[in-house]
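Remarks on the structure that follows.
Read-outs throughout are calculated quantities, based only on the coordinates presented, and are distinct from any laboratory measurement. As the structure is a computational prediction, the values presented were derived from the model and not from experiment. Cβ placement follows ideal geometry from the backbone for every residue including glycine, while neighbour counts extend to all protein chains displayed.
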Amino acid sequence: MISKIIPAVRTDNITYAVRDIVVLANEVAKTGKEMLYLNIGDPNLFDFEPPKQLVEDTYQAMLKNKNGYAPSSGIKEAIESIEREAERKGIKNVHDIFITTGASEAIDICLTALVNDGENVLTPTPGYPLYTAIASKLQMMENPYYLNESNGWLPDIDDIKSKINEKTKAIILINPNNPTGSLYTEENLKQIIDLALEHNLVIFADEIYDKLLFDGKKHISIASLNKDVSCITFGGLSKNYMVPGFRIGWGIVSGRKEVLSDYIEAINKILRARLSANHPEQYGIKSCLDGNDEHLIEAMNKLTKRRDLTVEMLNSIEGITCVKPEGAFYAFPQLHMKQPDAHFVSELIRETGVVVVPGSGFGQVPGTKHFRVVFLPNEQILEKAYRQISEFYHKYLEKFGDLVE
């Protein structure tokens, strides 16, 4: 008798809503229905392009045969450029910088080097599903903290305080936030620093969208507010420079060296074991970080119009409310209804071809329902999608239930 290969139990709870929903979308697309994709944050699928110098630098590196292994932590000129970027952000007490295959690998490596079985990390809810997927793989205990929708999706400090225990090793911040588009205030960040210092927690500061800001807003890097707090600041080229497929990210370790030294060595053990990040793409980091970011002027003009259209049209739908995003290119509207958001989204895709992601895939306050939209598509596509959502929503409620007060 042939026996099945049994997969590791650590994979049982791994889900990734952004990609998982594509399975259903592909089934619907096969029927010939027109599809409107508002689910994946890839600027290159729409009318956004990277800086030409970034592409040229990478191309020239390939021609010069920079196609072998790079140093485990990254090439010297890129590391130095990231160090200058840290200085511009106001980050002091930097002890290590390393380049990875996207910020995702940096986050994975740093969690792996920190957390033992049965320990936990405070994870924002809603938040990017990468973190819960890694947590499942590492067999970490789940410890979500909530963002406060009524307060612009800022972290709920009281909730964070209540969740810290003797097994808590770190707190994760996504700022600007995916999926809500919120931008954290200095006061809020200082409160988190106080908790991290009190409980000797490492702050994981995911700042991958730190240049994609609306309405003249300024981003504050949490590590810049205190030179003693243990912090790893994550960045990359993917979103700010419109090259998610390059898979170039990095981590900046700052804080008290005497506290961090063993942890830094553990991170570097993993970096050395996996050899290196993509090599030729690293030669584009310098021109990006030391450049003028002119490409962002056009990008943010487009995104501002699309953000405003998104907020206006979604808030005009009775039974849907949407907090105005201040950064990134996501919105996380709430559905005021009784049915699960996953059911709403699956029915929406089948009926209209509009692809969004259910809020349950990002985590949310129990009893609330949301969905995430990506407003990277042009205004014509967004208008059509939001009109279809509006028309469908009322039909859905008639069929499946009434509004929740």
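At-a-glance table
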{"item": "Segment GLU318-ARG350, length gained on full extension (0.36 nm per residue, minus Cα span)", "result": "9.3 nm"}
{"item": "Acute angle (nearest 10 degrees) that the helix 102-112 long axis makes with the longest principal axis of the chain, alpha-carbon atoms", "result": "70 degrees"}
{"item": "ILE297, ILE208 arranged by Cβ crowding within 10 Å, fewest neighbours leading", "result": "ILE297, ILE208"}
{"item": "Across LYS4/LYS30; LYS92/LYS286; LYS66/LYS302; LYS167/LYS190; LYS167/LYS369; LYS190/LYS302, pairs whose alpha-carbon gap is larger than 27 Å", "result": "LYS4/LYS30; LYS66/LYS302; LYS167/LYS369; LYS190/LYS302"}
{"item": "Cβ-Cβ FRET estimate between ASN278 and ASN301, R0 fixed at 35 Å, reported to 0.05", "result": "0.70"}
{"item": "Estimated FRET transfer efficiency when R0 is 56 angstrom, pair LYS52-LYS338 (beta carbons, to 0.05)", "result": "0.65"}
{"item": "Three-way shape label, segment 52-289, alpha-carbon gyration tensor, a/c 1.5", "result": "prolate"}
{"item": "Value of [θ]222 nm, deg cm²/dmol, for the chain, DSSP H segments ≥ 4, -39500 (n - 2.57) each, nearest 500", "result": "-12000 deg cm²/dmol"}
{"item": "Leading residue at positive end of dipole, the chain (Cβ point charges), from GLY68, LEU189, SER276", "result": "GLY68"}
{"item": "Highest-first arrangement of 165-173, 25-33, where packing means the average Cβ count within 10 Å", "result": "165-173, 25-33"}
{"item": "Prolate/oblate/rounded call for segment 45-92, Cα gyration tensor, a/c under 1.5 rounded", "result": "oblate"}
{"item": "Segment 252-373: projected area of the alpha-carbon convex hull, averaged over directions, in nm²", "result": "12.8 nm²"}
{"item": "Dipole magnitude (debye, nearest 20) for the chain, charges at Cβ of Lys, Arg, Asp, Glu", "result": "820 debye"}
{"item": "Rounded FRET efficiency, nearest 0.05, which uses the C-beta distance separating ASN13 from GLN60 and R0 of 35 Å", "result": "0.20"}
{"item": "Highest to lowest packing among 360-371, 387-398, 187-198, scored as the average C-beta count within 10 Å", "result": "360-371, 187-198, 387-398"}
{"item": "Among THR132, THR180, THR11: highest mean-square fluctuation, GNM of the chain, C-alpha pairs under 10 Å", "result": "THR11"}
{"item": "Protection-proxy order for peptides 229-242, 50-63, each taking the mean of Cβ atoms within 10 Å per residue, highest first", "result": "229-242, 50-63"}
{"item": "Prolate/oblate/rounded label for segment 1-147 (Cα gyration tensor, a/c 1.5)", "result": "oblate"}
{"item": "Angle in degrees between helix 17-29 and the longest Cα principal axis of the chain, rounded to the nearest 10", "result": "40 degrees"}
